[in-house]
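What follows is one structure encoded as structure tokens, with my remarks underneath.
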Amino acid sequence: GATGLIPEVGRRKYSESGKQTPERSESFLHDFELRLLTMFGLRRRPTPSKQAAVPQYMVDLYRMHSANGDHSAKRPKSMGKHAERAASKANTIRSFHHEESMEALSRLKGKTTQQFFFNLTSIPDDELITSAELRVYRDQVMGAAPPNNSSRNSSTTGDHGAPAGGIHRINIYEIFGVPQGREPLARLLDTRLVQDSLSRWESFDVSPAVSQWTSGKGRNHGFMVEVHHPEQGEMDGEHARRRSRHIRVSRSLHRDQDSWPQARPLLVTYGHDGRGDSVLHTREKRQ
Amino acid sequence: AALRKQRRKHQHKASCKRHALYVDFSDVGWNEWIVAPPGYHAFYCQGECPFPLADHLNSTNHAIVQTLVNSVNSNIPRACCVPTDLSPISLLYLDEYEKVILKNYQDMVVEGCGCR
């Protein structure tokens with residue numbers, strides 16, 4: 001039963017119905033199961049572990065825009081405009097966490113650099129990726145409770161007494177190659193200066209890179225996120241170190257391990273396999 | 001009159017129409033990997049298609065008159081009660097690689113039935 005979609009009970013009931021010989025009913029059930037798996041775009045029955053985390057952002061997207069959602073949830077503030085446009089044209093939205101064993105974090109004075117690799121091989125060949133966003137969580141309050149997509153007012157003074165807010169520049173690069181012992185070859189995809197003091201998700205448009213990787217026109221070497229803390233020159237070491245932890249680009253920078261699954265970087269792709277409507281249903285479309 | 005009414009009522013009950021069917025994913029054990037919704041109203045079509053001429057015989061007035069003159073070919077199969085209008089649903093689920101996917105699936109809800 002673990003491998004098939006048809007529950008054991010149903011399977012037995014059909015075989016015992018006497019409508020066909022046992023051999024024929026088994027082959028019929030097998031064909032029907034393959035049909036179901038193909039319909040869902042699956043290769044085998046999913047058996048997710050209890051640890052499998054469902055990003056809150058995906059739950060919000062489902063609530064907000066699916067054909068049968070209740071449309072009650074508001075658009076997450078952190079949803080990039082490009083993502084919303086993309087979702088209105090996509091019939092499949094996928095989310096990915098990066099391979100932690102392949103990350104490379106480096107923290108120099110004034111700059112934190114993190115390399116991510118996302119395994120996108122599960123995207124079927126017939127699915128055209130039209131857009132993608134890389135979401136990074138920025139927590140202004142250290143060790144806070146698990147984040148959700150509504151932004152929180154940071155009423156504290158930021159880092160243990162540091163003035164609230166801070167100015168970071170976040171650059172997102174596509175990595176072309178990693179020459180031995182040298183800086184990776186990379187091109188800038190998106191950049192942003194973040195200066196308010198709210199804890200929130202930042203969404204970056206990485207569509208050009210992801211659509212090349214998934215269409216086979218380019219190799220996936222991953223992304224590089226560079227966080228500049230320009231103000232750090234005047235700060236002392238410990239203060240500067242704590243300030244550079246705001247942008248949650250690595251587990252090592254996130255103290256509360258329980259909330260890490262919801263705070264870790266998330267890559268979301270928007271695609272269409274040519275079958276049917278888009279996921280995003282606006283009220284007018286439904287009517 | 002009472003008998004005729006009773007017969008018409010019975011015939012009405014058995015004629016082709018849409019019937020309620022709620023698919024509960026936990027019933028079939030799919031709630032392990034489908035995050036939302038917990039289930040959905042799929043509906044299904046069932047019933048007789050008693051029309052003298054099945055819809056698929058192109059029942060225009062001309063065709064009716066011509067058929068009366070030439071009589072109906074009894075070899076033509078009777079019409080079936082099938083969905084005539086379907087709509088999609090979206091599923092949020094974990095695939096076999098534990099990746100989270102929000103996908104729209106076509107033709108999952110029966111909105112209307114007809115004889116074809």
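Annotation: residue B:57 fulfils all but one of (1) at pLDDT below 70; (2) within 30 Å of residue A:49 (Cβ to Cβ); the unmet one is (2). Checking every residue in the range B:73-81 against the condition of being more than 14 Å from chain A (Cβ to nearest Cβ), on the phi < 0 side of the Ramachandran plot, at pLDDT 90 or above and assigned to a strand (DSSP E or B) gives at least one match.
Out of A:1, A:18, I need the residue that is more than 19 Å from residue B:34 (Cβ to Cβ) and either modelled with pLDDT under 85 or at the interface with chain B (Cβ under 8 Å from one of its Cβ atoms) (or both). Which one?
Within the list A:1, A:18, the selection yields A:18.
Counting only residues that are among the acidic types (Asp, Glu) and more than 9 Å from chain A (Cβ to nearest Cβ), which one in the range B:82-116 is nearest to residue B:38 (Cα to Cα)?
Among them, the one singled out is B:111.
Check the range A:27-37 and report whether any residue there is within 10 Å of another protein chain (Cβ to nearest Cβ), more than 15 Å from residue B:34 (Cβ to Cβ) and modelled with pLDDT under 85. Checked the range A:27-37: no residue is within 10 Å of another protein chain (Cβ to nearest Cβ), more than 15 Å from residue B:34 (Cβ to Cβ) and modelled with pLDDT under 85. Please verify whether the range B:28-37 includes one or more residues that are more than 14 Å from chain A (Cβ to nearest Cβ) and at pLDDT 75 or above. Looking for residues that are more than 14 Å from chain A (Cβ to nearest Cβ) and at pLDDT 75 or above, one finds none in the range B:28-37, hence no.
Residues of the range A:31-44 include at least one that is touching a strand residue (DSSP E or B) at 6+ places or on another chain (Cβ under 9 Å), within 20 Å of residue B:24 (Cβ to Cβ) and exposed (fewer than 15 other Cβ atoms within 10 Å of the Cβ).
Select from the range A:64-78 the residues that are in contact with a strand residue (DSSP E or B) (Cβ under 9 Å, 6 or more places away or on another chain) and within 13 Å of chain B (Cβ to nearest Cβ) and write down the one among them that is modelled with the highest pLDDT. So, considering only residues that are in contact with a strand residue (DSSP E or B) (Cβ under 9 Å, 6 or more places away or on another chain) and within 13 Å of chain B (Cβ to nearest Cβ), the one modelled with the highest pLDDT is A:65.
The values are calculated or read from the model by the stated rules, or taken from the named source; none is laboratory data. As the structure is a computational prediction, the values presented were derived from the model and not from experiment. FYI the Cβ positions are ideal-geometry reconstructions off the backbone, even for glycines, and counts take in every protein chain you see.
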